[in-house]
Each structure stands twice: as structure tokens, then as C-alpha cells.
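Mind having a look at this structure? Questions to follow.
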Amino acid sequence: MIECKNIQKIYVNGDVETKALKGISFKIDKGEFVSIIGPSGSGKSTLMHILGALDSPTDGTYFLDGAEVSKLDDDELSDLRRNKIGFVFQSFNLLPRTSVMRNVMMPLIYSGIDRTKREEKARECLRYAGMDEDKFYNLSNQLSGGQMQRVAIARALINDPAIILADEPTGNLDTKTSHLVMNALKELNDKGHTVVLITHEMEVAQYANRIITIRDGEIESDKIN
């Protein structure tokens, strides 16, 4: 599903070079739930951007679902992000004065799928993410943090992505709500979805079946949990 070979990322500012990633290599198989954990400045956010096809490595190769991502052009990268990766972010990234249903349907609006089928798919994904049906037509700014993150998870599922990439999904949530959201991601993994979680919290990372620890741009450990 995912294969990184000697991924390096160097940022250049004038005469100063900063090596954010120093030769990262690992594989993630279909159906795994993997946490990538590290402190601030470890390189995990840089790696997340590369895994999400939001940035390119300075050197090394990255394969996602059989495609060599580093060789794709901008249009191909856009298609990859839309069709292969479901993003779940710390800040939810929902439209605030828009209904839950419309937020979830947004990725399908320009796909040529008619409205009835879009709504059916959105309902299916919301139920799958554990969202209460009586909230489907609420505005997103009328929801709690945990409910908003469930909507974000449903939106991430709408295009049947190869992987769900969750970047600090509990960062804005209290402890109880964090557990609810992580249980939702765990349930998705139990149903066969590949989940890659980026976090700095070991308590959150423990929900995964495998934990990759990054420090100073290198893999410090890669252990089955």
C-alpha cells in the first residue's frame, strides 16, 4: 500500500540547509493501522505532507497503491489526493455555515454524480463514521468537536480512499472526546481501512497496531503494538 525508500527532505534558506528527513524507509501494508509519532521538530509533519502528496521529497521514492508519487505531475497528484487519500485534520476543515450532509458531499460535487446518489453515499459514510442521523442536516458550527471530527471522517471516506491519513485528529479535543474519535478510527480499521495516524501523544498512538517513532528526521523505532 505504502512504501517509502530513503526519503529525504532538505529545506534551503540562503546558505543554510536544514535536513528535516534523513533517509526514511518503511512499508505499510493494506489494512494496517500505523501511528507515526515524534516530538515537535522530529520531521513527522514533513513526512505527513509527503505521504499526503502535499509535498515532494528532495530525494528518495514514495509509492502509494502502486504509483510512484514522486514522478507524478500536478494534475496526477491532484487526482491521487482526491481518489486515494482521505484526510482528517486537527482543525476539521469543515465549512461552518454549511450542513453536515453538504460538507460530506463536497468532494463529489464536481465528480458528475447526481445529487440523489451523492446524498446516499454521504448518509452511508456518516453512519459508517458513527454520526447520529438527527444531526445530518445541522450546520457544522452547531456540532460539538467530536461530532465535527466524525463528519470530517465521513468526508474522508466519501471517495473510497486507499488510505485514511489522520493528522493530529484529537489535537483540539478533550480527553473523553479524543477517545471517541480514536475508537471511530479503530472501528474503521477493523472494517478493513488502512489508517495512518500522525501524533505527538503516545496515549493516542497506542490505538494503532504498529508505532513508528521519528526523532531528528530519522526512524528511532518501528514496533508492533
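Each value in this text was obtained by applying a stated rule to the coordinates, not by laboratory testing. A quick note: this is a predicted structure, and the numbers were derived from the prediction, not measured. All Cβ positions, glycine included, derive from the backbone under ideal geometry; neighbour counts span all protein chains shown.
Under a Cβ-only charge scheme (Lys and Arg +1, Asp and Glu -1), can you give me the dipole magnitude of segment 1-152 about the Cα centre, in debye to the nearest 20?
440 debye
Could you give me the ³J(HN,Hα) list for segment 155-164, computed from phi with Karplus coefficients 6.51, -1.76, 1.60 and θ = phi - 60°, whole Hz, x at Gly and Pro?
Along segment 155-164, the couplings run 5, 5, 8, 4, 9, 6, x, 5, 9, 9 Hz.
Under a cut-off of 30 Å between alpha-carbon atoms, report the lysines in cross-link reach of K44, not counting same-chain residues fewer than 8 places apart.
Cα-Cα hits under 30 Å: K5, K9, K19, K22, K27, K30, K71, K84, K176, K186, K191, K223.
Give me V151, V69 ranked fewest to most by other Cβ atoms within 10 Å of their Cβ, as a rough exposure proxy.
Working: V151 27, V69 22.
Going from least to most buried by this count: V69, V151.
When the distances between all Cα atoms of segment 1-79 are binned every 5 Å from zero, what whole-number percent does each bin get?
Per 5 Å bin, starting at 0, the Cα pair percentages come out as 3, 14, 25, 25, 18, 10, 3, 1, 0.
In segment 59-145, what trypsin sites (Lys or Arg not before Pro) fall in a loop by DSSP, with at most 15 other Cβ atoms inside 10 Å? Show your work: numbers first, answer last.
Details: sites: K71, R81, R82, K84, R97, R102, R115, K117, R118, K121, R123, R127, K135; in loops: R97.
Filter output for segment 59-145: R97.
Further question on the same structure: Give the Rg (one decimal place) followed by the Dmax (whole number) of segment 101-163, computed from C-alpha coordinates and expressed in Å.
11.0, 32
Kindly give the semi-axes, whole Å and largest first, of the ellipsoid equivalent to the chain, taking each as the square root of 5 times a Cα gyration tensor eigenvalue.
Numbers: eigenvalues 178, 81, 51 Å².
After diagonalising the Cα gyration tensor, the semi-axes are 30, 20, 16 Å.
If you take every residue apart from K223 with its C-beta less than 15 Å away from the C-beta of K223, what net charge results, scoring Lys and Arg +1 and Asp and Glu -1? Each step should come with its number before you reach the end.
Working: positive: K27, R210, R215; negative: E32, E220, D222.
Around K223, the charge tally is 0.
While we're here: If I take R0 = 25 Å and measure r between the Cβ atoms of K27 and D79 in this structure, what FRET efficiency does the formula 1/(1 + (r/R0)^6) give, to the nearest 0.05?
0.60
With Rg and the Kirkwood Rh both taken from Cα atoms, where does Rg over Rh land for segment 29-161? Could the numbers behind the result be given before it?
Numbers: Rg = 16.3 Å, Rh = 16.3 Å.
Taking Rg over the Kirkwood Rh, I get 1.00.
Which of S140, S111, S221 has the fewest other C-beta atoms within 10 Å, and how do the rest follow up to the most?
Details: S140 21, S111 13, S221 10.
Lowest count first: S221, S111, S140.
Quick check: net charge around L173, other residues with Cβ under 14 Å of its Cβ, Lys/Arg +1 and Asp/Glu -1?
Numbers: positive: R150, K176; negative: D167, E168, D174, E201, E203.
Cβ neighbours under 14 Å give a net charge of -3.
How far apart, in nanometres, would the label points at D15 and R215 be if each is projected 7 angstrom from Cα along the Cα-to-Cβ direction?
A separation of 3.3 nm, rounded to one decimal place.
So, one more: Roughly what % of Cα-Cα distances in segment 140-185 sit above 12 Å, to the whole percent? Please list the in-between numbers first.
Working: 624 of 1035 pairs.
Counting every Cα pair in segment 140-185, those more than 12 Å apart make up 60 percent.
Put +1 on the Cβ of every Lys and Arg and -1 on every Asp and Glu Cβ in the chain; which of N13, N138, H49 then has its Cα farthest towards the positive end of the dipole?
Going by the Cα projections, it comes out as N138.
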